[in-house]
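Visitor: A single structure is presented below for examination.
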Amino acid sequence: MNELATKYDPSEVEDKWYKYWMEHDLFKSVPDEREPYTIVIPPPNVTGVLHMGHMLNNTIQDILIRRARMEGKNALWVPGTDHASIATEAKVVNKLAQEGIKKTDLTRDEFLVHAWEWTHKHGGIILEQLKKLGASCDWSRTAFTMDEKRSESVLKVFVDLFNKGLIYRGVRMVNWDPVALTALSDEEVIYKEEHSKLFYLKYKVEGDEGKYIVVATTRPETILGDTAVCVNPNDERYQWLKGKKVIVPLVGRSIPIIMDEYVEMEFGTGCLKVTPAHDVNDYMLGEKYNLPTIDIFNDNGTISEAGEMYVGKDRFDVRKEITVDLEKANLLEKVEDYNNKVGYSERTNVVIEPKLSMQWFMKMDNITIPALDAVMNDDIKFFPPKFKNTYRHWMTNIKDWCISRQLWWGHRIPAYFLPEGGYVVAETAEKALELAKAKTGNNSLTAADLRQDEDCLDTWFSSWLWPISLFDGIIDPDNEEIKYYYPSSDLVTGPDIIFFWVARMIIAGYEYKQDMPFKNVYFTGIVRDKKGRKMSKSLGNSPDPLELIERYGADGVRMGLMLAAPAGNDILYDDSLCEQGRNFNNKIWNAFRLVKGWEVSETIEQPESSKIAIEWFDSVLNSTAIEVKDLMSKFRLSEALMSVYKLFWDEYSSWYLEMIKPGYQQPIDAATYSATLSFFDSLLRLLHPFMPFITEELWQHIQERKDGESIMYAKIPESGHVNSEIIETINIAKEIIAGVRTVRLQKNIPNRDSLELQVIGTFSNPNSAVITKLANLSAITNVIDKDATAASFLVGTTEFCVPLGNNINVEEELKKQEGELKYLQGFLKSIEAKLGNERFVNNAPAAVVEGERKKQADAESKINTLQESIDRLKKM
């Protein structure tokens, strides 16, 4: 290995080691006799570029996979991307528009050529960016939800579920996206609180001159599709309306009054306009009372010919226009402010339109039962477990899944319509033709006679199979890989896709493998800025992850994110976290250079202080290894990292290295040096899952390594013997050393000047050699009376004194101590007054009273010590 640079430069280290890992296939996994540990990546959208959420999620996955590797498991992290139907099609349509091409001018096949071109050009960007982070995926297994194997799996599952009667086609009320021009599932609709208006409209009663009823609505434009007004049969105010009809304002259409207990008498006026084509509840009323449906909207959200008025105008423009027209016609009684929740498309962020549409659906009632039980019984564990309630609520209120999308980019629905009506469902056109012949009895049918459904499947219909299809478990259910790697070990994802993806993968796992798809689910939080705002491009508060890596190094960014990332809780990100990570890198680097810079002697004897230090640090290291293993098993990764951070920064660098450091220009003994390097090796191995690059660089420098060797496969430090007694006695020694150092600081005594330490009464510490070295003491002596010039401090109940001799100005010291005494006497008086108050003592919590009594005892002890010191100084 080359000599270490004076300063740590991540740019020189990271690319070098990632290339080394790739060249030696160190991320690769094939089934063998070892215990498997498998993670499947939540496939990022093929349209995507790396953002802070990806950084967090993939850092966590990499930590888990690297640690599993070091535990001797056959660790496999499978990467891939999602074809993201809506997002990708929108990107391609925009790209074509810039070239002056409209999607409507292209055939499906012509459009798909452009879509595949775009995918091949942009599809691998995010995966390449993940490599900069250090992601140790088996890149030879990179999958895509629309590659051949995954596509074949999706079509096979569709056919299977259709044949089981779980997939059906029908006209239903769906969520329609007027920009993407497709149906959406309920889970793809985000509801936002909005300040709306409630419009009170007059509906004249047919045949009763001058009489009218008032109906309240937030959407006056939808009166164009009204086919009834509904009132509650128990509402005394409207009994007179039974059997009557009313006139739709402006439109002039006569519609019946229907009576149903569905209407809430307290809401609005108690009269409900019924628009079956554009409201899911109205649709149910329409079905019940056999009302006509008038679809007043075109697919793009403009008014259709069926609306008869305002044809071709945008729905929101019509809302403004119709309000004016209603007012002019004296058909608008009043308008009130009103807060309500409005559904928005998750992808395009436009208001969705409830719309009757012919779609494909999947029955979700019975198929979900094993998946619900698995989570509620903790067969699959959620971290943090609070998300079990979210999961249970959704699974017990589940609706049929709308799985068709009016898009071209995606898995085309394998349904083929017959010339005489009806359809068949098959994985290929050839199989469809066979089924068509059998169904019709017409052997002269050809493939050209069949017309395949134009729609494609919801993107999630492919990603719900991800843990199975990655190992070809749908096409070849008993192959060696699916039997070895499935179920996977851990899933790391965000709680925002618990319904879209997590729940559906569990459903698919039990349907197609009769087993869970993963054993644990770790839910990350949302990365927010330091003000608590969600990061977004529009707010300009989301840093570019690649720029952060360039500035702080991948290890610095990884550590910065993880220090602030408790499971399931949001992360308040600030650049100072990455600075802390970078500083830690520099600390590790400088500590290693210090150790490697020492001259080693094979002949000098090992000092007693070094023997003690080695025994102590070995126990601290083993204790931390036990703690980290426990924390990692509970997915408390942030706390695990902090434990190793403190072990290195505080115990190893600040204490251990000081305990064993040789004198200026003096060599270190071989035994201590060997132990010190061995500890460094262990520390690097504990840190490696969190900080892979710097740990590889330094591990390779500890000793000569063979080509292909890597810390990635070095064994993670296992828990060894922990001597709790030496840990406790060294903790006491640390307090004594800190006490002496405080005296030096207060009295401006240089560290090079040795001091005597006096102990009042009897005291012994087996670590006196460490105390003597680190506090630079000439002697530790037990005395009955302390020196008149001594500065004292307490460790526990033992008093220690440092005689100051010529290092003290008696007059100044006397003045200072008398000031301290006066303050303490005043403080004690206030505590005694509080404890002398019977109401306080009788009513305050016992712990509070006890705390005040402790303050009293401490103050009395300090006053006695100060009084004695002042008396001695006065005698000098």
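Visitor: Would you calculate the separation in nanometres between label points at Asn300 and Glu704, each defined as 7 Å from the Cα along the Cα-to-beta-carbon direction?
Guide: 7.4
Visitor: Suppose the chain between Asn809 and Tyr191 were pulled fully straight at 0.36 nm per residue; how much longer would it get relative to their current alpha carbon spacing?
Guide: Numbers: separation 618, 0.36 × 618 = 222.48 nm, distance 7.38 nm.
Additional length available on full extension: 215.1 nm.
Visitor: Would you mind checking the pairs Lys273/Lys328; Lys320/Lys341; Lys611/Lys634; Lys28/Lys381; Lys646/Lys734 and listing those with alpha carbons more than 25 angstrom apart?
Guide: Those over the limit are Lys611/Lys634; Lys28/Lys381.
Visitor: Taking a 20 Å limit on the Cα-Cα distance, which of the listed pairs Lys747/Lys854; Lys197/Lys242; Lys73/Lys483; Lys192/Lys334 fall beyond it? Please list the in-between numbers first.
Guide: Numbers: Lys747/Lys854 29 Å; Lys197/Lys242 30 Å; Lys73/Lys483 16 Å; Lys192/Lys334 25 Å.
Checking Cα-Cα distances, Lys747/Lys854; Lys197/Lys242; Lys192/Lys334 exceed 20 Å.
Visitor: Could you list, in their original order, any pairs among Lys103/Lys534; Lys19/Lys149; Lys596/Lys706; Lys91/Lys156; Lys355/Lys531 whose Cα atoms are separated by more than 31 Å? Mind showing how you got there, number by number?
Guide: Details: Lys103/Lys534 34 Å; Lys19/Lys149 29 Å; Lys596/Lys706 20 Å; Lys91/Lys156 29 Å; Lys355/Lys531 40 Å.
Over 31 Å apart, Cα to Cα: Lys103/Lys534; Lys355/Lys531.
Visitor: What shape does region 300-437 take by its C-alpha gyration tensor, where a ≥ b ≥ c are the square roots of the eigenvalues and a/c under 1.5 counts as rounded, a/b above b/c as prolate, and the rest as oblate? Don't skip to the answer; put the middle values down first.
Guide: Numbers: a/c = 3.19, a/b = 1.29, b/c = 2.47.
Oblate, because a/c is 1.5 or more while a/b does not exceed b/c.
Visitor: List the lysines whose Cα lies under 19 Å from the Cα of Lys875, skipping any in the same chain that are fewer than 8 positions away.
Guide: Within the straight-line cut-off, Lys875 pairs with Lys786, Lys815, Lys816.
Visitor: Sticking with this structure for a sec: Mean projection of the alpha-carbon convex hull of region 637-712 over all orientations, in nm²? List each step's numbers first, then the result.
Guide: On the way: hull surface 23.5 nm².
Average projection, Cα convex hull of region 637-712: 5.9 nm².
Visitor: Over the Cα atoms, compute the radius of gyration (one decimal) and Dmax (the largest Cα-Cα distance, rounded to a whole number) for region 374-423, in Å.
Guide: Over region 374-423's Cα set, Rg and Dmax evaluate to 18.8, 55 Å.
Visitor: Could you give the accessible area per residue of region 123-223, probe 1.4 Å, as a whole number in Å²?
Guide: Values: 4100 Å² over 101 residues.
It amounts to 41 Å² per residue over region 123-223.
Visitor: Same structure again: Just the number: Rg to Rh for region 1-115, Cα atoms, Kirkwood Rh, two decimals. Can you show the working numbers first?
Guide: Numbers: Rg = 20.8 Å, Rh = 18.2 Å.
With Rg and the Kirkwood Rh in hand, the quotient comes to 1.14.
Visitor: While we're here: Can I get the semi-axes of region 684-741's equivalent ellipsoid? Compute them from the C-alpha gyration tensor as square roots of 5 times the eigenvalues, in angstrom, largest first. Show your work: numbers first, answer last.
Guide: On the way: eigenvalues 233, 45, 21 Å².
After scaling each eigenvalue by five and taking roots: 34, 15, 10 Å.
Visitor: Per residue, how big is the convex hull around the C-alpha atoms of region 544-587? Give it to me in cubic angstrom, could you? Present the calculation step by step, with values, prior to reporting the outcome.
Guide: On the way: hull volume 2.8 nm³, N = 44.
Each residue corresponds to 64 Å³ of Cα convex hull volume.
Visitor: Can I ask one more? For region 711-804, evaluate the Debye formula with one uniform point scatterer on each Cα (no solvent term) and list log10 I(q)/I(0) at q = 0.16, 0.20 Å⁻¹, rounded to two decimals.
Guide: Taking Cα atoms of region 711-804 as identical point scatterers yields -0.65, -0.93.
Visitor: How long is the gain from Val783 to Asn842 if the chain were fully straight, where each residue apart is worth 0.36 nm and the alpha carbon distance is subtracted?
Guide: Working: separation 59, 0.36 × 59 = 21.24 nm, distance 4.39 nm.
Stretched out fully, the Val783 to Asn842 stretch lengthens by 16.8 nm.
Visitor: Please report, to two decimal places, log10 I(q)/I(0) for region 754-827 at q = 0.16, 0.17 Å⁻¹ as given by the Debye formula with identical point scatterers on the Cα atoms and no solvent.
Guide: These q points yield log10 I(q)/I(0) values of -0.67, -0.74.
Visitor: I'd like the projected area of region 453-531, averaged over all directions, using the convex hull of its alpha carbons. Report it in nm² with one decimal.
Guide: Details: hull surface 29.3 nm².
The number I arrive at for region 453-531 is 7.3 nm².
Visitor: Taking the solvent-accessible surface of protein heavy atoms with a 1.4 Å probe, what is the per residue accessible area of region 793-872 in Å²?
Guide: In whole numbers, region 793-872 has 65 Å² accessible per residue.
Visitor: In a Debye calculation with equal point scatterers on the alpha-carbon sites of region 147-259 and no solvent, what is log10 I(q)/I(0) at q = 0.19 Å⁻¹?
Guide: So the normalised log intensities are -1.09.
Visitor: Now for a separate question. Express the carbon and sulfur contribution to the solvent-accessible surface of the chain as a percent, rounded to the nearest whole number, probe 1.4 angstrom. Provide the component values of the computation, followed by the final result.
Guide: Values: 19700 of 40230 Å².
The nonpolar share, carbon plus sulfur, comes to 49 percent.
Visitor: Taking the 0 to 90 degree range and rounding to the nearest ten, how far is the long axis of helix 85-98 tilted relative to the main principal axis of the chain, both from C-alpha atoms?
Guide: Taking the Cα atoms of the chain, the angle to 85-98 is about 80 degrees.
Visitor: Please list 19-27, 675-683, 268-276, 493-501 highest first by mean number of surrounding beta-carbon atoms within 10 Å per residue. It would help to have the intermediate numbers written out before the result.
Guide: Values: 19-27: 14.6, 675-683: 20.7, 268-276: 23.0, 493-501: 18.8.
Top of the packing list down: 268-276, 675-683, 493-501, 19-27.
Visitor: Moving on to the next point. For Lys439, list the lysines whose Cα falls under 19 Å from its own Cα; do not include residues on the same chain fewer than 8 positions away.
Guide: Lys164, Lys431
Visitor: While we're looking at this one, here's another question. Near Glu206, within a Cβ-to-Cβ distance under 12 Å, what is the net charge of the other residues, with Lys and Arg +1 and Asp and Glu -1?
Guide: Numbers: positive: Lys204, Lys211, Lys244, Lys245, Arg253; negative: Asp208, Glu209.
Local charge sum for Glu206: +3.
Visitor: Using the Kirkwood radius built from alpha carbon pairs, what does the Stokes-Einstein equation give as D for the chain at 10 °C and 1.306 mPa s, in µm² per second?
Guide: Working: Rh = 33.6 Å.
Estimated diffusion coefficient is 47 µm²/s.
Visitor: Solvent-accessible area of Ser463, probe 1.4 Å, all protein chains present, reported in Å² to the nearest ten, please.
Guide: Counting only protein heavy atoms, Ser463 exposes about 0 Å² to solvent.
Visitor: Roughly how many nanometres apart are two label points built 7 Å out from the Cα toward the Cβ at Glu321 and Met22?
Guide: Once both label points are built, they end up 5.7 nm from each other.
Visitor: Equivalent ellipsoid semi-axes for region 290-352, as square roots of 5 times the alpha carbon gyration tensor eigenvalues: give them largest first, rounded to whole Å. Could the numbers behind the result be given before it?
Guide: On the way: eigenvalues 96, 71, 34 Å².
Values for region 290-352, descending: 22, 19, 13 Å.
Visitor: Shifting gears a bit: Going by average Cβ density within 10 Å per residue, which order do the peptides 573-582, 110-119, 613-622, 77-86 take, highest to lowest? Don't jump to the answer; show the numbers that get you there.
Guide: Working: 573-582: 18.4, 110-119: 16.8, 613-622: 21.2, 77-86: 24.9.
Sorting 573-582, 110-119, 613-622, 77-86 by mean packing, highest first, produces 77-86, 613-622, 573-582, 110-119.
Visitor: What Kirkwood Rh does region 83-219 have if only Cα atoms enter the pairwise 1/r average? Answer in Å.
Guide: Details: mean 1/r = 0.0484 Å⁻¹.
That comes to 20.7 Å for region 83-219.
The values are calculated or read from the model by the stated rules, or taken from the named source; none is laboratory data. Being a predicted model, the structure only gives us computed values, none of them experimental. Glycine gets a Cβ as well: all are built from the backbone with ideal geometry, and neighbour counts include every protein chain shown. Just so you know, the surface numbers come from the protein's heavy atoms only, side chains and all, with ligands and any DNA or RNA stripped out. Shrake-Rupley method; radii C 1.70, N 1.55, O 1.52, S 1.80 Å.
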